[in-house]
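Below: the structure, in structure tokens.
The values are calculated or read from the model by the stated rules, or taken from the named source; none is laboratory data. Predicted model only: the values in this text are computed from it and were never measured. Here the Cβ positions follow ideal geometry from the backbone for every residue, glycine too, while neighbour counts run over all protein chains shown. The protein model used for the area step is the full one, side chains on, heavy atoms only, and it has no ligands, DNA or RNA in it. Shrake-Rupley method; radii C 1.70, N 1.55, O 1.52, S 1.80 Å.
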Amino acid sequence: QVQLVESGGVLVQAGGSLRLSCAASGSIFSIAAMGWYRQAPGKQRELVARITSGGSTNYADSVKGRFTISRDNAKNTVYLQMNSLKPENTGVYYCNAFSLRHYWGQGTQVTVSS
């Protein structure tokens, strides 16, 4: 079992920056990859960024060059640094971990005002 707790979601103006954190606990040694997903109102959850246990990353095209995913292994925490935020980045951001199955955090709300 893996437990995930997100934090950092707030209301921010367009053009601003924000960093989300996701602390993992439990069977973290078995995690193959972690990522951030966004769910906007009335839309499906979609991948924003992902990082594997080997350090490889991939991003949604819409956030490339603006968002950076990173991890601190000593703290068992994954971060999502979001710069140059746009109103379309608004949504609930969920932390995800894959370890034989997908685990999800409770989500944190990010609202970008225009």
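Close amide H partners of SER99, meaning residues 5 or more places away or on another chain with modelled amide H under 5 Å apart, are ALA32.
One chain, two ends: SER53 and THR111. Fully extended at 0.36 nm per residue, the span grows by 17.9 nm beyond their Cα-Cα distance.
3J(HN,Hα) along segment 101-114: 8, 8, 10, 10, x, 7, x, 9, 7, 10, 10, 10, 8, 8 Hz, from the Karplus curve 6.51 cos²θ - 1.76 cosθ + 1.60 with θ = phi - 60°, whole Hz, x for Gly and Pro. Give the carbon-plus-sulfur fraction of the accessible surface of segment 1-92 in %, rounded to a whole number; probe 1.4 Å, heavy atoms of protein chains only. The nonpolar share, carbon plus sulfur, comes to 48 percent. A probe of 1.4 angstrom, applied to the heavy atoms of all protein chains, finds TRP104 with accessible area near 100 square angstrom.
Accessible surface comparison of TYR37, TYR103, probe 1.4 Å, protein chains only, largest first: the order is TYR37, TYR103. Compared with the direct C-alpha span, the chain from THR68 to GLN81 gains 4.2 nm at full extension, assuming 0.36 nm per residue.
With a 1.4 Å probe and all protein chains left in place, how much accessible area per residue does the chain have, in Å²?
Here the per-residue accessible area is 53 Å².
With R₀ fixed at 30 Å, the C-beta to C-beta distance from ALA40 to ARG101 puts the FRET efficiency at about 0.75.
For segment 16-31, backbone phi angles converted through the Karplus equation (6.51, -1.76, 1.60; θ = phi - 60°) give residue-by-residue couplings of x, 10, 7, 10, 9, 10, 9, 9, 9, 9, x, 7, 6, 5, 9, 6 Hz, Gly and Pro being listed as x. Remark on LYS86: its backbone amide H falls under 5 Å from those of GLY15, a criterion applied only to residues 5 or more positions apart or on other chains, H modelled at 1.01 Å from N. For SER27, the residues whose modelled amide H falls within less than 5 Å of its own, excluding neighbours fewer than 5 places apart on the same chain, are VAL2, GLN3.
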